[in-house]
Amino acid sequence: MDTFLLISGFLLVIAGIVGAVIPVLPGPPLGWAGLLLLYLTGPVPMDRWKLVLAFVLALVVTILDYVIPAIGTKKYGGTRYGMWGTVIGLIVGLLVPVPLGFLIGAFAGAYLGEMMYDSKDNRRALRAAFGSFIGFIGSTFLKLAVGIGFAVWFVRTAWLYRAELTGWF
């Protein structure tokens with residue numbers, strides 16, 4: 001059973017890294033689930049409180065993944081319309097089966113939201129949409145950093161206790 005948990009946990013941590021780049025997959029929660037499976041293995045001791053902190057981090061990063069593009073929109077001169085357009089566009093972009101729909105959705109949502117606010121100021125709407133794109137890139141980088149951190153933690157923890165895991169490798 002421990003072998004199954006270890007392999008499944010490792011696959012989930014890898015899926016967490018992939019999910020940091022592909023928005024359809026919830027990267028940080030998948031990475032945390034991999035850490036949870038490592039915690040549940042018998043021979044690998046892990047601190048429960050570190051696992052709880054990792055859960056909180058995964059939750060916060062997942063929420064920020066939707067908030068940061070909206071903040072980028074605001075920072076580049078967007079209004080509340082553009083911020084809401086960004087969030088709605090991200091969600092619609094995830095649901096529409098179009099390559100890079102999440103990216104197009106965030107950009108288009110911010111642009112359309114700003115055009116609803118002021119249809120005469122196309123330049124400001126494009127600038128806010130660009131802010132949404134920059135915010136999306138920032139949130140992707142944050143998710144990738146957390147995913148890689150979870151993977152390093154997983155491998156390091158399993159490797160440190162490899163003497164007890166010799167039957168697995």
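Results, tabulated for the structure shown:
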| quantity | calculated |
| --- | --- |
| Inter-probe distance in nm under a simple model that places probes 7 Å from Cα toward Cβ, at V18 and L59 | 2.7 nm |
| Charge dipole magnitude, Cβ of K and R +1, D and E -1 - region 2-160, Cα centre, debye nearest 20 | 420 debye |
| Enclosed volume per residue, in Å³, of the convex hull spanned by Cα atoms of the chain | 98 Å³ |
| Relative exposure of M116, M1, M46, judged by other C-beta atoms within 10 Å (fewest first) | M1, M116, M46 |
| Cα long-axis angle, helix 122-160 against the chain (0 to 90 degrees, to the nearest 10) | 0 degrees |
| Proximal aspartates and glutamates relative to K75, as straight alpha-carbon distance under 15 Å, when same-chain residues fewer than 8 apart are discounted | E114 |
| Amide hydrogen neighbours beyond the local backbone of Y161, cut-off 5 Å, H modeled | none |
| At most 10 other Cβ within 10 Å, DSSP loop - trypsin sites (Lys or Arg not before Pro), region 68-149 | K120 |
| Nearest 10 degrees, 0 to 90: helix 48-75 Cα axis against the chain principal axis | 10 degrees |
| Theoretical FRET efficiency, 1/(1+(r/R0)^6), r = Cβ-Cβ of L40 and R80, R0 35 Å, to 0.05 | 0.20 |
| Residue exposure sequence - T41, T79, T3 - by fewest surrounding Cβ within 10 Å | T3, T79, T41 |
| Reach of K74 by Cα under 25 Å, taken over lysines that are not fewer than 8 positions away in the same chain | K120, K143 |
| S119, S132, S8, S139 arranged by Cβ crowding within 10 Å, fewest neighbours leading | S119, S8, S139, S132 |
| Fully extended contour minus Cα-Cα distance, from D118 to V67, at 0.36 nm per residue | 16.1 nm |
| Prolate/oblate/rounded call for region 1-78, Cα gyration tensor, a/c under 1.5 rounded | oblate |
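Only the coordinates and a few stated rules stand behind these numbers; no lab work does. Computed from a predicted model, the values in this text were never measured in an experiment. Positions of Cβ are backbone-derived with ideal geometry, glycine not excepted, and every protein chain shown enters the neighbour counts.
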